[in-house]
1. State whether one or more residues within the stretch 103-118 are at pLDDT 90 or above and hydroxyl-bearing (Ser, Thr, Tyr).
2. Return the only residue of 179, 132, 174 being more than 18 Å from the chain's Cα centre (by Cα) and part of a helix (DSSP H, G or I).
3. Give, as residue ranges, the helices (runs of 4 or more DSSP H) completely inside the stretch 1-109 that count at least 3 residues that are under 16 Å from the mean Cα position of the chain (by Cα).
4. Anything in the stretch 149-177 that is surrounded by fewer than 16 Cβ atoms within 10 Å (Cβ to Cβ), charged (D, E, K, R) and within 25 Å of residue 99 (Cβ to Cβ)? List them, or say none.
5. What do you reckon, is residue 146 of a type in the set (Phe, Trp, Tyr), surrounded by 21 or more Cβ atoms within 10 Å (Cβ to Cβ) and in contact with a Leu (Cβ under 6 Å, 6 or more places away or on another chain)?
6. Output the qualifying pairs, or none if there are none: Cβ atoms under 7 angstrom, residues six or more apart or on different chains, first residue in the stretch 15-27 and charged (D, E, K, R), second residue buried (at least 22 other Cβ atoms within 10 Å of the Cβ).
7. Residues of the stretch 83-105 being in contact (Cβ under 8 Å) with a residue 40 or more places away in the chain, within 22 Å of residue 39 (Cα to Cα) and out of contact with any Gly (no Cβ under 7 Å at 6 or more places or on another chain), which ones?
Amino acid sequence: MKLKIITSNPGKVREYSAALSRLGIETEHMKIPYDEIQTSELSEVAEKGMDEIISKGVRDFILDDSGLFIDALNGFPGVWSAYAQKTIGNKGILKLMEGVENRGAEFRCCIGCDISGKRIVVTGICRGEITLSEKGTDGFGFDPIFTHDGKRTFAEIPLEEKNSVSHRGIAIQLLLAELEKLGLSR
């Protein structure tokens, strides 16, 4: 089986390829622009993105919408995470969190998959906290300021370990379970 990974983010491509290759699923990176609607639900963004990609004649693909939802900021940046990363970055988030005791947050990843004419939508969640400073050099996006275990950020752990605990890793496992139900994996 081969799935196209629709993203402009090379970090996501690495994570998907590493996770899916172990299960016999080939991947192909495709950059196809699509509108990301402005809504508070990741699943709505994924569903609309899938509709647009299919309307362009592309089939057998996965796309995702991910976000960092910070408790003390009422879920911000959430679905606007990519924009927040581009504009204020990790330093801006840390500035917003100065003096905030409740550092609880969660990463969410909603994967939309079109495969053999079937549509699958799953969401993975990883709870953790926002750190006091950036740490680590691996990963991408908000990885240097998010810890799932209170010890290391996502930017400090190896990719294989990150894939086993991250929002995207959890969503991929949920996707694989759905593919197995349809008899489409391996």
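1. no
2. 179
3. Answer list for the stretch 1-109: 10-21, 42-55, 81-87.
4. Correct list: 149, 151, 152.
5. no
6. 15/168
7. 93, the sole residue that qualifies.
The values are calculated or read from the model by the stated rules, or taken from the named source; none is laboratory data. Here the structure is a predicted model, which means the values were calculated and not measured. With ideal geometry, Cβ positions are generated from the backbone for all residues, glycine too; neighbour counts draw on all protein chains shown.
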